[in-house]
Amino acid sequence: MIAARPYAPLAVTLLTAVLLCGVYGDASPLERHAGLIVFPSGIASLEKLRALPGYRLTVTAAGHHGPLQLYVPYAVYRLDAADVNNDGSTDILLGVIKRTHFDPELKRRLFFYRIGANGLTPLWLGSRVCQDLVDFRPVCDGQATHVLTIEKDKQGMYCNGLYVWHDFGLELITYSNNGASYDTALAFFDREGDPRRM
């Protein structure tokens with residue numbers, strides 16, 4: 001369950017520090033290409049399948065004798081890598097579009113996978129964040145990885161959420177830009193600190 005913490009002034013300062021940091025998950029920025037991510041300990045790629053609907057996620061990571069593969073039977077809108085649960089190891093962040101048992105609408109969801117000795121194992125298969133997810137990206141304040149989102153509320157307006165890993169899932173720290181236009185939320189999401197723009 002996602003719960004909000006009641007310390008907004010600290011959270012706003014933290015959100016500003018996280019955005020100015022300009023570093024994804026690990027200690028160095030990640031290289032991004034369509035369907036390919038190079039991170040400090042390996043490479044992750046997505047391949048659209050021809051015979052089946054969906055994708056093949058392949059991760060080649062240091063310490064593994066061969067590539068780790070996972071069949072993803074959903075449309076994918078984002079692939080990323082970061083130490084999302086702050087345990088010192090890189091995780092795979094995958095944005096998928098799917099229905100859930102409790103929400104029959106096709107919506108954007110967020111999955112995290114641990115790169116482990118036994119392959120790619122689910123860390124969190126999030127059916128939702130607090131509001132409808134539009135996009136996400138990992139951000140780092142130099143000490144911990146957070147997940148920054150663009151979310152859409154029930155009135156059709158947008159905001160940015162900042163989440164941190166807590167026990168078994170994401171916990172909302174704060175919202176910024178409540179009731180904003182999509183362009184405002186996107187501008188905040190894509191601040192100058194985004195390594196994709198450096």
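Some observations on this one:
- Residue match in region 150-160 (condition: of a type in the set (A, V, I, L, M, F, W, C), closer than 24 Å to L46 by Cβ and modelled with pLDDT under 95): no
- Total residues in region 19-76 satisfying the condition of being of a type in the set (A, V, I, L, M) and modelled with pLDDT under 85: the figure is 6.
- Flag for S89 being closer than 30 Å to G63 by Cβ, touching a Lys or Arg at 6+ places or on another chain (Cβ under 9 Å), among the polar types (S, T, N, Q) and at pLDDT below 95: yes
- Taking the numbered list (1) of a type in the set (A, V, I, L, M, F, W, C); (2) at pLDDT below 95; (3) part of a strand (DSSP E or B) in turn, L10 passes all entries but (3).
- Complete set of residues in region 141-161 that are farther than 15 Å from L110 by Cα and either buried (at least 21 other Cβ atoms within 10 Å of the Cβ) or touching a Ser or Thr at 6+ places or on another chain (Cβ under 9 Å) (or both): T145, M157, Y158, C159, N160
- Condition met for H146 (within 30 Å of H64 (Cα to Cα) and in contact with a strand residue (DSSP E or B) (Cβ under 6 Å, 6 or more places away or on another chain)): yes
- Once region 135-181 is narrowed to residues that are acidic (D, E) and touching a residue at least 60 places away in the same chain (Cβ under 8 Å), the residue that is nearest to Y113 (Cα to Cα) is E171.
- Selection over region 72-106 of residues that are in a strand (DSSP E or B) and buried (at least 17 other Cβ atoms within 10 Å of the Cβ) gives a count of 13.
- Test: L15 is outside any strand (DSSP E or B), touching a His at 6+ places or on another chain (Cβ under 9 Å) and either within 20 Å of D190 (Cβ to Cβ) or modelled with pLDDT of 50 or more (or both): yes
- Those residues of region 44-55 which are more than 11 Å from I115 (Cβ to Cβ) and surrounded by 15 or more Cβ atoms within 10 Å (Cβ to Cβ), in sequence order: S45, L46, G54, Y55
The values are calculated or read from the model by the stated rules, or taken from the named source; none is laboratory data. All figures in this text were calculated on a predicted structure; none of them were measured in a lab. Glycine gets a Cβ as well: all are built from the backbone with ideal geometry, and neighbour counts include every protein chain shown.
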